[in-house]
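Engineer: I'd like to ask some things about the structure below.
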Ligand SMILES: Cc1cc2nc3c(=O)[nH]c(=O)nc-3n(C[C@H](O)[C@H](O)[C@H](O)COP(=O)(O)OP(=O)(O)OC[C@H]3O[C@@H](n4cnc5c(N)ncnc54)[C@H](O)[C@@H]3O)c2cc1C
Ligand code: FES
């Protein structure tokens, strides 16, 4: 099929030019400079500064906050500042305990203003291997490894209301403490009211500093609510619908951080108050590190061209079984959100949470082992 | 352990290369520094939204009856039934901010020409010629591909005479020569930003093939996001016993006596092979992965001669209203200040440029997010290193938010909608994000700028002379077919076939 198209003007030079395309390219190459190829781009370098693969750090201070809670302060071994972070972000701590490496995520509690050192605040939970180690055994000058900062539990001026009502249960105060400090230090520009629920007066974290920030900074307010203690000064009980309604509905974004049952409790209230999803931000919540160790199965792990059999338990996430067996597996958030632990289920039945698993990953049998529990013998393949 | 071939990077190009070779019975090692396959062809979750990381629309795919090259490739690779795609019934919708124009173009040649005639009277003749020419260019390119670098001059002359006439010219030159009315030229050029090069620079053939495919084959999207496409390739590769390693970065390519011998990874493993297929930039390969002393002069010259292409910012929005509630009825919105691509290209060397492409995913894929919500992407390109020049570690967060705010405001203005009040989730990817995720120089997302001798045809014509190191091939956006889904997939197969030939094992396809 030949078509006659009138392509005026350029007809005369056609054929020759086509043949010359290659030659012209050749020429362009030959006349280009011969210097060595320099692979150095400021933005690629900046990316490494903002997102280091991991950071070697040293414990420079341990502050006792309450009976069961300590703040741990780190500086980088290379003396570089920490990468800038947003209040509300977390780091992943790699703790070596009796030869086993455990990774845990902790919100940064310090202000984003000071990057020479950052801190996390840890409450020892019953049977928690890492939290008890950190609170009871960790000593000054210990070297550790941190990854991060990660996470999206941060204030965003394009999305959130300028007024934040933080609803906090217990040690969930840590990311909000970072936010309060950030506002005080004028790093974040929003207005923060904290409803801070604790068991007893003695359990309240950062009380002196919070009170000081509230006195000196008109954009931060705190109200303590005690659940397990009668008090004539503070509200008591659980954070209630009435307390939340005291803050004009429609004017606030709600930042929630606390234990799992706390989320369930508040989700119900939000529903009753008809608050749109848009105004509710949840921090990733942390399951308690407890295991009842019943119903034992065999977990077969395919990794690095090897096949390894290890024990696993019905009430323990698969990621934990890997950790106990010292099998290196990728992980970050530990609560199913980040997808970093993504692995393929080859065989067996599991109970798992697919909320943050990509649709096509689900169709191809991928899951997040940090929120997957075995219901039979199971075989998984790690992605590394 | 010795492999028949090692592929660096599991982006589109790398995945297709790896699978093509593995399918031919080769023993392939695929190395990827991230934890998922696909490179930028992936997806991610924020709140209740699964966001597509890059794919707006793919060309050269088509459906059963108008099967395109990529669809045929997927068939050959045995993965066509593993992916769910959807054809779109519109091409582009363009809005200009300064001149207040708005044009909506359909699929199908007849419809397209008819619509153009409505907008620009007396454009039909030149439009018909244009599409005839597109068709011939498409067939000529197929012939060039089949001839594997050795086209018969006579065949070219007799079967593809018009192609020969236009092959060396820019889009602008040929549209002028077709005597297409200026306004029709301007509208027709809307897609220029997809190729990251304006009408005076971009090769006519390159643009023609893309537009033709969108109009004839229709644009397609992947219903389960591009992650499904990447995963289909990867799962098939694995099923055929291909070896892969994630979270594994290649830090050196071993070269001896002008030939590749293997790679060294960041965990200090050495893997041997006489074939290395790089789904990464020549800048990285010649500037960092291969010791300088072993980089041939020509390779240095070629790399130094090239100009990096588009960088980009992408704002991913999860909105808590449906597209109807928001008043968004199209899938893609091209928003420029004017329709003059050269002028807009210049504008986009500045950070304050707010030219953008908006994509409303739900309008093509209604179940992509929970009922009553919308997924909207705003992508804006930069044709300079302006973002790197301005971003610092202290202003990065602010800069990101300011750019996003500007783009959303522009989109609101152009479409007369209210977006801000509906934002439930927002994520912003910048050149820094892409630099970190892909390792590409300055975070470019489109490889090298398609201009002059670095346009499609010269790249393809010379690709057999540019293997300066024996056994080393480039695929993906920096490769001979340039950037884009279809191009990068096809580049993967091209390199694999070349490699097979080198292994002395030329296959039938
Ligand atoms: C926002 C956006 C929108 C887009 N929209 C479209 C569209 O609508 N239609 C279209 O056709 N195209 C589109 N594109 C372009 C298209 O996505 C790309 O051209 C294509 O996906 C690039 O594929 P690639 O093969 O070059 O691989 P890349 O995606 O660039 O992947 C390279 C891979 O190599 C890995 N790697 C890098 N260095 C190393 C190393 N040293 N060792 C190991 N691994 C390494 C990286 O981790 C990465 O996975 C878009 C791109 C972007 C960013
Ligand atoms: S570690 Fe984040 S999803 Fe499992």
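Every number here is computed from the coordinates shown, using simple stated rules; none is lab data. Please read these numbers as outputs of a predicted model, since none were measured by experiment. FYI the Cβ positions are ideal-geometry reconstructions off the backbone, even for glycines, and counts take in every protein chain you see.
Engineer: Run through the DSSP bridge list for chain B and note the antiparallel percent, rounded to the nearest 5.
Structural biologist: 70
Engineer: Using Cα centres only, tell me the gap between region B:51-91 and region B:209-279 in whole Å.
Structural biologist: Measuring centre to centre over Cα atoms gives 19 Å.
Engineer: Just for region B:1-135, what percent of DSSP beta bridges are antiparallel, to the closest 5?
Structural biologist: So the antiparallel bridges in region B:1-135 amount to around 60 percent.
Engineer: When a footprinting reagent is the concern and you count Cβ atoms within 10 Å, what order do A:220, B:174 take, fewest first?
Structural biologist: A:220, B:174
Engineer: Also, quick follow-up: Using a 7 Å offset from Cα along Cα-Cβ at residue A:376, what residues in region A:346-364 end up with backbone N under 14 Å from the label point?
Structural biologist: Output list for this probe position: A:346-351.
Engineer: Right, here's the next one. Determine the distance separating the Cα centre of region A:191-222 from the Cα centre of region A:59-83; give it in Å without decimals.
Structural biologist: 21
Engineer: Can you work out the FRET efficiency for the pair residue A:101 and residue B:124, with r the C-beta to C-beta distance and R0 = 60 Å, to the nearest 0.05?
Structural biologist: 0.25
Engineer: Which of A:270, A:82, B:464 has the fewest other C-beta atoms within 10 Å, and how do the rest follow up to the most?
Structural biologist: B:464, A:270, A:82
Engineer: Give me the distance between the Cα centres of region A:333-384 and region B:133-199, rounded to whole Å.
Structural biologist: If we compute the Cα centre of each part, the gap is 48 Å.
Engineer: Under 18 Å from the 7 Å Cα→Cβ point of residue A:353, by amide nitrogen: which residues of region B:24-57?
Structural biologist: Only B:45-50 pass the distance filter.
Engineer: Tell me the label-point distance for the pair residue A:242, residue B:75, using the 7 Å Cα-to-Cβ offset, in nm and rounded to one decimal.
Structural biologist: 7.1
Engineer: How large is the helix-only mean residue ellipticity at 222 nm for chain B, computed as the sum of -39500 (n - 2.57) over DSSP H runs with n ≥ 4, divided by its residue count, in deg cm²/dmol to the nearest 500?
Structural biologist: -11000 deg cm²/dmol
Engineer: Just from its helices, what would the mean residue ellipticity at 222 nm be for chain A, if runs of 4 or more DSSP H residues each count -39500 (n - 2.57) and the sum is divided by every residue, rounded to the nearest 500 deg cm²/dmol?
Structural biologist: The helix-only estimate for chain A comes to -6000 deg cm²/dmol at 222 nm.
Engineer: Note down the nm distance, to one decimal, between modelled labels 7 Å out along Cα→Cβ at residue A:215 and at residue B:416.
Structural biologist: About 5.7 nm separates the two model spin labels.
Engineer: For residue B:159 and residue B:452, FRET efficiency with R0 = 22 Å and r from the beta-carbon atoms, rounded to 0.05?
Structural biologist: The value I calculate is 0.20.
Engineer: Next question. So what are the three principal axis dimensions of the protein assembly as shown from its Cα atoms, in whole Å, longest to shortest?
Structural biologist: Over the protein assembly as shown, Cα extents along the principal axes are 96, 62, 50 Å.
Engineer: Report, for the protein assembly as shown, the % of DSSP beta bridges that are antiparallel, rounded to 5.
Structural biologist: Around 65 percent of the beta bridges assigned by DSSP in the protein assembly as shown are antiparallel ones.
Engineer: Related question: Using only Cα atoms, find the angle between the long axis of helix A:173-184 and the longest principal axis of chain A, and express it within 0 to 90 degrees, rounded to the nearest 10.
Structural biologist: 80
Engineer: What is the calculated FRET efficiency for residue A:79 to residue B:150, with r their C-beta to C-beta distance and R₀ = 60 Å, to the nearest 0.05?
Structural biologist: That gives a FRET efficiency of 0.50.
Engineer: 7 Å from Cα along Cα→Cβ at both residue B:394 and residue A:67: what's the point-to-point distance in nm?
Structural biologist: Rounded to a tenth, the inter-label distance reads 4.6 nm.
Engineer: So if each residue of separation counts as 0.36 nm, and I subtract the Cα-Cα distance between residue A:127 and residue A:268, what length gain in nm does that give?
Structural biologist: Taking 0.36 nm per residue and subtracting the Cα distance, the gain is 47.8 nm.
Engineer: Something else now. Tilt of helix A:14-30 relative to the longest C-alpha principal axis of chain A, in degrees (0 to 90, nearest 10)?
Structural biologist: In chain A, helix A:14-30 runs at an angle near 60 degrees to the longest axis.
Engineer: Next question, about the same structure. List A:177, B:348, B:105 from most exposed to least, where exposure is judged by having the fewest other Cβ atoms within 10 Å.
Structural biologist: Ascending number of Cβ neighbours within 10 Å: B:105, B:348, A:177.
Engineer: If I fit a long axis through the Cα atoms of helix A:207-216 and take the longest principal axis of the Cα atoms of chain A, what angle between them do I get, 0 to 90°, rounded to 10?
Structural biologist: Its long axis makes an angle of about 70 degrees.
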